[in-house]
Amino acid sequence: MNLAAKQPLELPVDGRQSETALAVARGTARLLHALGRCVVSELPLPSGRRADLVALDSGDEIWIVEIKSSVADFRADQKWQDYRAHCDRLFFATCMEVPCEIFPKDTGLIVADAFGAQVICEAPEHRLAAATRKSMMLLFARAAALRLQSLVDPNGSYGEIV
């Protein structure tokens, strides 16, 4: 195979996120990868919520990052508290235009743009129970595998891709 001719796979456009939220997600995912974590976006959780970014490291620590693109976005959406039950650390990620002071002190904070991000405040650890950890890791693995296979073989029959 000629590597020079290899084209990147195109992810389907979700349509729910603003351009700012997409840029923050991209920069945050780049940071998480640089920190040695694998990332799955828009992961449905057992609670029925959908996490913006879920990151897994080689030591099985699970982070959830909730993206807020504006003050109004943060104020309108208080479901983030439900995410604590599904991660070891909970972060918010936002852009430079959003004041950091609005975010809860008991969460981590990441500031990002489309090209990168920086952790401004570390998130406190609250370790998951073993059964919850296993459930989350299986959700993460299944979503990643199905999404990858649907990109490799877009005409395959995979059921609902999460």
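The values are calculated or read from the model by the stated rules, or taken from the named source; none is laboratory data. Quick caveat, the model's predicted, so the values are computed rather than measured. A quick note on method: Cβ atoms are made from the backbone with ideal geometry, for glycine too, and the neighbour counts reach across all protein chains shown.
A few notes on this one:
- Restricting the first member to region 107-133 and to residues that are within 17 Å of A25 (Cβ to Cβ), and the second to residues that are among the charged types (D, E, K, R) and surrounded by fewer than 16 Cβ atoms within 10 Å (Cβ to Cβ), the beta-carbon pairs closer than 7 Å and six or more apart or on different chains are G108/E122.
- Which listed residue, of I62, I67, is more than 18 Å from A141 (Cα to Cα), surrounded by 19 or more Cβ atoms within 10 Å (Cβ to Cβ) and modelled with pLDDT of 95 or more: I67
- Selection over region 35-60 of residues that are out of contact with any helix residue (DSSP H, G or I) (no Cβ under 6 Å at 6 or more places or on another chain), free of Cβ contacts under 8 Å to residues at least 60 places away in the same chain and not in a strand (DSSP E or B) gives a count of 7.
- Screening A93, A141 for residues that are over 17 Å from T28 (Cβ atoms) and either surrounded by 13 or more Cβ atoms within 10 Å (Cβ to Cβ) or touching a residue at least 24 places away in the same chain (Cβ under 8 Å) (or both) leaves exactly one candidate, A141.
- Check on G36, surrounded by fewer than 18 Cβ atoms within 10 Å (Cβ to Cβ), under 18 Å from G116 (Cα atoms) and of a type outside the set (S, T, N, Q): yes
- Selection status of D88, in contact with a His (Cβ under 7 Å, 6 or more places away or on another chain) and touching a residue at least 12 places away in the same chain (Cβ under 8 Å): yes
- Under the condition of being exposed (fewer than 15 other Cβ atoms within 10 Å of the Cβ) and either more than 17 Å from the chain's Cα centre (by Cα) or under 21 Å from L43 (Cβ atoms) (or both), the residues counted in region 112-136 number 8.
- Among the residues of region 106-132, just one is among the charged types (D, E, K, R) and in contact with a Cys (Cβ under 8 Å, 6 or more places away or on another chain), namely D113.
- Scope region 70-83; condition closer than 17 Å to P46 by Cβ and buried (at least 16 other Cβ atoms within 10 Å of the Cβ); matching residues: W80, Y83
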